[in-house]
Amino acid sequence: MKKIGFLSFGHWMQQGSLVQTASEAYLQSIELAMEAEKIGVDGAWFRVHHFANQIGSPFPLLSAIGAKTSKIEIGTGLIDMRYENPYMMAENAGLTDIITQSRVELGVGRGSPEQVLDGWKYFGYDYSEEEVKEVARQRTLEFLDLLEGNYFAEPNPQPMFPQAPGKLRLEPFSPSLRQRIWWGAGSQQTAIWAAQNGMNLQSSTLVNYESKEPFHIQQAKQLLAYKEAWKKAGHDFAPRTLVTRSIQPITSDLDRRLFGQDDDAGYDSVGFLAYHRNPTIFGKTFVGEPEKLVKELAQDEAIKEADTVLITIPNTLGVEYNLHLLETIVKDVAPDLGWK
């Protein structure tokens, strides 16, 4: 494990939460990223959901974090391409990467079931659920092509402002951003597709149930298939891989009251997501004192294969608690797993 970051869904809710409004969710996300950088956390990553009391508009947030920090990676895990216009997204991503000084790590993919039916239709895209599966991939490939910086647009013979002769491209252009795009894969097949198309790989706390093996073994095989496909593709840069884990250290009475009583947390589970014909396996939550966590996580084959691990955080407990959680992992868990 080379890098460690946090993944926040940016929830807010009126009851049972220290984060009750959108304003608090976004502003606390910025504050947590700033404080996480101070204790050495490598990345601040955010899930993107539409029509929900969660982070839904990532580029202003990533830019704000970039303006307040200097080292920490700032990423998404992931942006749902069913909703995106590749051209507008390429402009937003390029500007955000310039503001953050090339620290954007942009995770994209098909996304998970949303809060509304066919939500992309409200964004102007009239596709069925079956059609939109391929549309998401097509838009991703178009987005990747735009990030290459090629000049493609025919110039106006009578432009408003003087310009150099020849075709134009979207601006601003960030030259290295193309190598920092990640695909969120749920299966070996999609992992291989990501490698073939030159994207880094994100694998979450759930993957398709492709064998009867434990979650971490199935996920490790996904990462290995990706790496093999990358070698065959012959890309000119080294890929990165990350996995997400739910890790809850128990070092205080408050930790124990909040997370120490869930008897089902320490086991994988199998279930179905909406529109999925095949079952999905969900990885377990790691709960316990740091010594116990080190022993359990050291047996995780997918963590061994990945160069980055994202810790899902309970952001509704506020900045102070989540900083306590991250600091415990950074000081008492991650070093024994090869971090730093």
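Taking amide hydrogens as placed 1.01 Å from N in the peptide plane, the amide H of ILE247 sits under 5 Å from those of PHE286, THR312, each at least 5 positions away in sequence or on another chain. Starting from the amide H of TRP183, placed 1.01 Å from N in the peptide plane, find each other amide H under 5 Å away whose residue is 5 or more places distant or on another chain. Amide H to amide H, under 5 Å and 5 or more residues apart or across chains, TRP183 pairs with VAL108, ASN200, LEU201, GLN202. The apolar share of the surface of segment 11-168, taken as the fraction of accessible area on carbon and sulfur atoms (1.4 Å probe, ligands and nucleic acids excluded), comes to 54 percent. In a reduced charge model with +1 at each Lys and Arg Cβ and -1 at each Asp and Glu Cβ, segment 61-180 shows a dipole moment near 520 debye about its Cα centre.
Shown in residue order for segment 247-258 are the 3J(HN,Hα) couplings computed by the Karplus curve 6.51 cos²θ - 1.76 cosθ + 1.60 at θ = phi - 60°: 10, 10, x, 10, 10, 8, 4, 5, 4, 5, 5, 7 Hz (x for Gly and Pro). Taking each DSSP H run with n ≥ 4 as -39500 (n - 2.57) and averaging over every residue of the chain yields -11500 deg cm²/dmol at 222 nm.
Once all protein chains are placed together, PHE237 keeps about 40 Å² accessible to a 1.4 angstrom probe. This model, with +1 at the C-beta of Lys and Arg and -1 at the C-beta of Asp and Glu, gives the chain a dipole about its Cα centre of some 660 debye.
Taking Cα pairs under 8 Å and at least six residues apart, what relative contact order does the chain come out at, in percent?
20 percent
Over the Cα atoms of the chain, the radius of gyration divided by the Kirkwood radius equals 0.97; this is the Rg/Rh ratio.
Springs join every pair of Cα atoms under 10 Å in this Gaussian network model of the chain, and among PHE215, PHE51, PHE286 the largest mean-square fluctuation is at PHE51. Take the Cα radius of gyration of segment 187-231 and divide it by 2.2 N^0.38 Å, with N its residue count; two decimals is plenty. In units of the globular-protein estimate, segment 187-231 measures up at 1.07.
Rolling a 1.4 Å probe over the heavy atoms of the protein chains gives the chain an accessible area of 48 Å² per residue. Taken over the alpha carbons of segment 144-282 as equal point scatterers, the Debye sum produces base-10 log I(q)/I(0) values at 0.09, 0.12, 0.15, 0.18 Å⁻¹ of -0.47, -0.69, -0.86, -1.02. Hydrodynamic analysis of segment 83-136 uses the Kirkwood radius over alpha carbon pairs. Inserted into Stokes-Einstein at 4 °C and 1.567 mPa s, it gives a translational diffusion coefficient of 101 µm²/s.
The values are calculated or read from the model by the stated rules, or taken from the named source; none is laboratory data. Being a predicted model, the structure only gives us computed values, none of them experimental. Cβ coordinates were reconstructed from backbone atoms using ideal geometry, including for glycine residues, and neighbour counts include every protein chain displayed. Protein only, heavy atoms only, side chains kept; ligands, DNA and RNA dropped before computing areas. Shrake-Rupley method; radii C 1.70, N 1.55, O 1.52, S 1.80 Å.
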